[in-house]
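Sharing a structure with you now.
The values are calculated or read from the model by the stated rules, or taken from the named source; none is laboratory data. Quick caveat, the model's predicted, so the values are computed rather than measured. Methodologically, a virtual Cβ is constructed for each residue, glycine included, from the backbone with ideal geometry; neighbour enumeration extends over all protein chains shown.
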């Protein structure tokens, strides 16, 4: 089975092609500078074409498309899921939605297993507005994710740090962990250096997760926002809703 994995939940734009055996594994990504805007609209299809070409895979060989459904930015998720739906319909390929947090955790699970003191991994994505999206999993044998130990939620970093203090054996990864490092490390969290690839959402991990998720109609794949879009929050704050 050949899978195309896409993600636009964070500032990065990611496209990957992976076979079920892992013999083919190619990823292309765009990570804009800190002060630059995400380039999801202009880069997603281009990166998809690049990944397919580098993998030597044609559209006729793609058996499944996996797209990150968040949590993440409202605009980013809308672009990624709409693009994935359009590709799935145009190519008559099944579409699978995968948790961006779970995919991020999967990418760090092997590192957590290798560190004998780390028995769990917690994924943290910058949610903006002074919050993070976070979820956690225990790590099983072979660097696989086992049971979920922390359900997804949007929370202030200071509040989340108190939760982390109860799990000192966790490896914490993601752009939210980097941004709020000072707060989270005071709770005893183990966070890799800022430049570590463990903080990156990977389309290859999306492809791996998609192997165990039932595929279905593109219309059934929906974003997981975990909170209201920023525009709705602003309107409610202004008393217009």
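For residues that are buried (at least 24 other Cβ atoms within 10 Å of the Cβ) and within 28 Å of residue 26 (Cα to Cα), scanning just the stretch 151-197, find the one that is nearest to the chain's Cα centre (by Cα).
174
Scan the stretch 172-190 residue by residue and report those that are assigned to a loop (DSSP other than H, G, I, E, B) and at pLDDT below 95.
If the condition is that a residue be assigned to a loop (DSSP other than H, G, I, E, B) and at pLDDT below 95, then 186, 187, 188, 189 are the ones that fit.
Something else about it: How many of the residues making up the stretch 108-129 are part of a helix (DSSP H, G or I) and surrounded by fewer than 24 Cβ atoms within 10 Å (Cβ to Cβ)?
From the stretch 108-129, those part of a helix (DSSP H, G or I) are 108-114; that's our starting set.
With the extra rule that they be surrounded by fewer than 24 Cβ atoms within 10 Å (Cβ to Cβ), the set shrinks to 110-111, 113-114.
Of the residues in that region, 4 qualify.
Turning to a different aspect of this structure: The conditions are (1) free of Cβ contacts under 8 Å to residues at least 60 places away in the same chain; (2) at negative phi, and residue 204 fails exactly one of them. Which is it?
It is condition (1) that residue 204 fails.
Now a separate question. Is at least one residue of the stretch 85-94 more than 25 Å from residue 32 (Cα to Cα), touching a helix residue (DSSP H, G or I) at 6+ places or on another chain (Cβ under 6 Å), surrounded by fewer than 19 Cβ atoms within 10 Å (Cβ to Cβ) and assigned by TED's automatic domain parsing to the domain that holds residue 16?
Among the residues of the stretch 85-94, at least one is more than 25 Å from residue 32 (Cα to Cα), touching a helix residue (DSSP H, G or I) at 6+ places or on another chain (Cβ under 6 Å), surrounded by fewer than 19 Cβ atoms within 10 Å (Cβ to Cβ) and assigned by TED's automatic domain parsing to the domain that holds residue 16, which makes the answer yes.
All but one of (1) outside the structural domain of residue 7 (by TED's automatic domain parsing); (2) at pLDDT below 90; (3) part of a helix (DSSP H, G or I) hold for residue 232; state the number of the condition that does not hold.
All conditions pass for residue 232, except number (1).
Are any residues in the stretch 86-107 in a helix (DSSP H, G or I) and either over 8 Å from the mean Cα position of the chain (by Cα) or at pLDDT below 95 (or both), and if so, which ones?
86, 87, 88, 89, 90, 91, 105, 106, 107
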